[in-house]
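The values are calculated or read from the model by the stated rules, or taken from the named source; none is laboratory data. None of the values given here were measured: they were computed from a predicted structure. Note that each Cβ is placed from the backbone with ideal geometry, even for glycine, and that neighbours are counted across all protein chains shown.
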Amino acid sequence: MNYLLPVMALCLLIPAFAVSLEQGQVDELVEKAFEGQKHSYAPYSHYHVGAALLTKSGKIYTGCNVENASYGGTNCAERTAVFKAVSEGDKEFEAIAVVTKDGGSPCGICRQILNEFNPKILVIALDETGRVHHQMTLDQLLPHAFGPANLE
Ligand code: THU
């Protein structure tokens, strides 16, 4: 009975370790997300989003939201980063940092797009002061996701 508590604590810690990055990598990713945000084209919403996507090979792709007068043609920052990476042949993603004025979380479509490539990707959402609003795996943000396995 007295082994139950340490075992439970370990179960809680293992997922956290599994997706943790070194602090240096987190800092670089956050810096790149801010860089991405500088290019945000958001004349309609004025909600400027920057993203930085880390691949397993260690490369970082930045992204920003690109709005359009049609509204529907708008592309989110996360998807910009993903599409940049995939179009260059990089599909193995480890983490993504997203910066917005209020630390907002990736939208549903972006969660779905990220899920396609790695349901366990680490998602770090921060605000413009650098405060992390949340840091969790995608499957925590998008539980019971529909994905490639459904179509096998
Ligand atoms: N936006 C993103 O770039 N990422 C998200 O996950 C949420 C929304 C953008 C789209 C649009 O340009 C603006 O934020 C307001 O919705």
Q) Only one of these conditions is not met by Glu152: (1) free of Cβ contacts under 8 Å to residues at least 24 places away in the same chain; (2) surrounded by 12 or more Cβ atoms within 10 Å (Cβ to Cβ). Which number is it? A) (2)
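Just to be sure, is Tyr71 within 17 Å of Ala97 (Cα to Cα), assigned to a loop (DSSP other than H, G, I, E, B) and either over 14 Å from the mean Cα position of the chain (by Cα) or in contact (Cβ under 8 Å) with a residue 60 or more places away in the chain (or both)?
On the way: within 17 Å of Ala97 (Cα to Cα): no; assigned to a loop (DSSP other than H, G, I, E, B): yes; either over 14 Å from the mean Cα position of the chain (by Cα) or in contact (Cβ under 8 Å) with a residue 60 or more places away in the chain (or both): yes.
No, not satisfied.
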Q. Restricting the search to region 36-55, which residues are over 14 Å from the mean Cα position of the chain (by Cα) and either on the phi > 0 side of the Ramachandran plot or away from the ligand (no atom under 15 Å from the Cβ) (or both)?
A. His46
Q) Of everything in region 59-86 that's more than 16 Å from Lys32 (Cβ to Cβ) and more than 8 Å from the ligand (Cβ to nearest atom), which residue is surrounded by the fewest Cβ atoms within 10 Å (Cβ to Cβ)? A) Gly72
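Within region 60-86, which residues are over 20 Å from Gln135 (Cα atoms) and of a type outside the set (A, V, I, L, M)?
Just the residues of region 60-86 that are over 20 Å from Gln135 (Cα atoms), to begin with: 65-75, 80, 83-86.
Listed by number, the residues that qualify are Asn65, Glu67, Asn68, Ser70, Tyr71, Gly72, Gly73, Thr74, Asn75, Thr80, Phe83, Lys84.
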Q. Across region 1-58, what is the number of residues that are in a loop (DSSP other than H, G, I, E, B), surrounded by 15 or more Cβ atoms within 10 Å (Cβ to Cβ) and modelled with pLDDT of 80 or more?
A. 6
Q. Can you name every residue in region 87-98 that is surrounded by 17 or more Cβ atoms within 10 Å (Cβ to Cβ) and more than 10 Å from the ligand (Cβ to nearest atom)?
A. Asp90, Phe93, Glu94, Ala95, Ile96, Ala97
Q: May I ask you to list the residues in region 93-152 that are in contact with a His (Cβ under 9 Å, 6 or more places away or on another chain), within 22 Å of Gly36 (Cα to Cα) and not small (Gly, Ala, Ser)?
A: Val99, Thr100, Lys101, Asp102, Val123, Ile124, Leu126, Asp127, Glu128
Q. In region 108-134, how many are assigned to a loop (DSSP other than H, G, I, E, B) and surrounded by 14 or more Cβ atoms within 10 Å (Cβ to Cβ)?
A. 5
